Amino acid sequence: MKHEETLDPSDWDEIRKFGHTMIDDMIDYLRDVRERPIWKTIPESTLQFYEQGVPKEGRDLAEIYKDIQQHILAYPMGNIHPRFWGWVIGTGTIEASMADFMASVMNSNGGGGNHAANHIENQVIAWSKEMLGFPEESSGLITSGASMANLVGLTVARHHQVNHDIRKTGVSDHKLWFYGSVEMHSCIQKSIELLGIGYDNLVKIPVDDDYRVDTALLEKAIQEDLDNGLEPVCIIGNLGTVNTGAVDDLETLADLAEQYKLWFHVDGAFGAITRITPSYNHLAMGMERADSLAFDFHKWMYINYEAGCILIKHKKSHYQSFSLTPEYLSHNPRGVHGGDLWFSDYGIELSRGFKGLKIWTAISDHGLDKFGRLAEQNIEQAKYLTELVENTPQLELMAPTSMNIVCFRYTAEHTDLNALNEEILIRLHEQAIAVPSYTTLQGNYVIRVANTNHRSTLQDFDILVEGVVRIGNEIYQDYSV
Ligand SMILES: *Cc1c(COP(=O)(O)O)cnc(C)c1O
């Protein structure tokens, strides 16, 4: 008989030893993150390593581990570092990463069935409703992120608002319209495109000086579209825009949605978490009136990638938007494919990893209140940075700080400030001082600090400001000689 093979190790003690070493190294890796440069340019030899072809024969695990240390662990994005504030990116926790390992060994498929992974994901969804003020009977789904959560929410909006079976006939007989502000995240437009609605039908309403949607213009647009026989479907509210952290007037948006019988969707990717802060929960006022709410665990809940969530108040519409159960997926009354926990009936994906365990473990370890305090700490740090900027003559605040995002720039006379600030940002990264990112506000290139970092201290913001001023002065002097 042919020799039968398996991917399991031939020597379990050897893999155990390897595992222990790996865990020790990774704990040190995280413990010492502050001492290492936040980011490094990847050298040519390592770039070549990434281009090697597929190995036909296996290699010794110890050798592979050396490669991982040399070529992979050495060149991280940097977002676990205390001075990473680029884009809106989470920082992770050690216990969540350990939970990920356990979930990975279990290797459950969360598409459906009666096993612990689905019960835990269901519990995490129940905790989410509790923490964000959604009724118990709401439905939900743990997703890879807020992009997927927004797509699921807007799909249900489309299904719920259109009176006949849009799954059968598609959207071509309809003139569906969605409304939000110009500050909406790009994933909303992608969702609208994927839903076959076309981005011409995503109305982007202008914002005021605080980057909040102009609700009077919004109402006018809805009214005009109704008068023209179009079908307004959904209002999308921003709870923390990606550019400046602005929060739309969610109460007024909820009122408008009620008045015009539209779906109210809130993109609270990071901002939703303000609801559990001790002193800034007013920012999320009106969020609980949404029909659907998309948010991330991997941003301001600091959970390791990937983890987002959608909550929906109309469970039946949620189910009807996605459920499709061929014979090979039929749910049985008993056994492993028994029970009600079929998440594949509530989203796009069938096979799903067990993302719930890391969320469940981190929240259990620290308690929800601590996450609220940490988000508050980030907001206070953003205020501190705002004051530093305002008290530094070479710096200029470029948008109001309403939450955890600070937009500012180096300023000087008679020079191209956009080019100057772009160069400052690049040197901040290259000199491994800190990693903010940038955005463009009213044509101005601005340095943007989005603080969802539970490792940052006030001193880290001092280091950032000193770095920006020093580099800015250096470049400005070079330009002027
Ligand atoms: C990050 C973000 C998204 C997209 O979420 P992902 O988790 O990156 O998919 C959507 N909306 C806002 C406001 C965001 O900040």
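Laboratory data are not the source of any read-out in this text; all were calculated from the coordinates shown. Just so it is clear, the structure is predicted and the values come from calculations on it, not from any experiment. Quick reminder, even Gly has a Cβ in these numbers, built from the backbone with ideal geometry, and neighbours come from all protein chains shown.
For the stretch 363-433, how big is the tail of P(r) above 18 Å, as a whole percent of Cα pairs?
Details: 1376 of 2485 pairs.
The share of Cα pairs beyond 18 Å in the stretch 363-433 comes to 55 percent.
Could you tell me how many cubic angstrom of Cα convex hull volume the stretch 99-143 has per residue?
Dividing the Cα hull volume of the stretch 99-143 by its residues yields 84 Å³.
Could you give P(r) for the stretch 410-481, binned at 5 Å from zero, as whole percent values over all Cα-Cα pairs?
3, 15, 27, 25, 17, 9, 3, 1, 0
What relative contact order, as a whole-number percentage, does the chain give when Cα pairs under 8 Å and 6 or more residues apart are counted?
Over the chain, the number comes to 21 percent.
Residues with beta-carbon under 11 Å from that of SER138, excluding SER138: net charge, scoring Lys, Arg +1 and Asp, Glu -1?
Surrounding charge for SER138 is -2.
Return the inverse of the average 1/r over all pairs of distinct C-alpha atoms in the chain, which is the Kirkwood hydrodynamic radius, in Å to one decimal.
Values: mean 1/r = 0.0407 Å⁻¹.
Across the chain, the inverse of the average 1/r is 24.6 Å.
State, to one decimal in nm², a quarter of the convex hull surface area for the C-alpha atoms of the stretch 285-415, i.e. the direction-averaged projected area.
Convex hull of Cα atoms, orientation-averaged projection: 13.0 nm².
I need to check one value: relative contact order of the stretch 63-212, counting alpha carbon pairs closer than 8 Å and at least 6 residues apart, in percent.
13
Which value in Å is the Kirkwood Rh of the stretch 187-241 over different Cα pairs? The partial results should precede the final answer.
Working: mean 1/r = 0.0808 Å⁻¹.
Evaluated over the stretch 187-241, this radius sits at 12.4 Å.
Could you tell me the relative contact order of the stretch 333-466? Use alpha-carbon pairs under 8 Å, at least six residues apart, and round to a whole percent.
Once normalised by length, the contact order is 20 percent.
How would the stretch 60-101 be classified by its alpha-carbon gyration tensor: rounded, prolate or oblate, with rounded meaning a/c under 1.5 and the a/b versus b/c comparison settling the rest? Write down the numbers at each step before the final one.
Values: a/c = 3.70, a/b = 1.57, b/c = 2.35.
It comes out oblate by the Cα gyration axes.
Charges only on Cβ, +1 for Lys and Arg, -1 for Asp and Glu: so what's the dipole of the chain about the Cα centre, in debye to the nearest 20? Working shown, then result.
Numbers: 39 positive and 68 negative charges, 170 e Å.
Charge dipole of the chain: 820 debye, to the nearest 20.
If amide hydrogens are placed 1.01 Å from N in the peptide plane, which non-local residues have theirs closer than 5 Å to the one on LEU141?
Under 5 Å from the amide H of LEU141: ILE310.
Within the chain, what percent of beta bridges assigned by DSSP are antiparallel, to the nearest 5?
Just about 55 percent of them are antiparallel.
If you stretched the chain out fully between ASP478 and GLU44, how much longer would it get, using 0.36 nm times the residue separation minus the C-alpha to C-alpha distance?
Numbers: separation 434, 0.36 × 434 = 156.24 nm, distance 2.98 nm.
Extra length from ASP478 to GLU44 when fully extended: 153.3 nm.
Quick one: compute a quarter of the convex hull surface over the Cα atoms of the stretch 179-325 and quote it in nm².
Result: a mean projected hull area of 10.0 nm².
Check every DSSP H run in the chain and write down those whose alpha carbon atoms cover 20 angstrom or more along the long axis and whose mean Kyte-Doolittle hydropathy is -1.0 or greater.
Taking the DSSP H segments of the chain (at least 20 Å long, mean hydropathy at least -1.0), we get 12-31, 116-132, 146-161, 368-390, 458-480.
Provide, for q = 0.09, 0.11, 0.14, 0.20 Å⁻¹, the log10 of I(q)/I(0) from a solvent-free Debye sum over equal Cα point scatterers in the stretch 63-187.
Normalising to I(0) and taking log10 leaves -0.47, -0.68, -1.00, -1.35.
Just grab the label-to-label distance for LEU350 and LYS315, each label 7 Å out from Cα along the Cβ direction, in nm (one decimal).
My value for the distance between the label points is 2.6 nm.
For the stretch 205-269, state which trypsin sites (Lys or Arg not before Pro) are in a DSSP loop and have at most 10 other beta carbons lying within 10 Å of their beta carbon. If you can, show how the numbers build up before the last one.
On the way: sites: ARG212, LYS220, LYS261; in loops: ARG212, LYS261.
Qualifying residues, ordered by number: LYS261.
What is the distance, in nm, between label points placed 7 Å from the Cα along the Cα-to-Cβ direction at GLU387 and at SER10?
About 6.6 nm, to one decimal.
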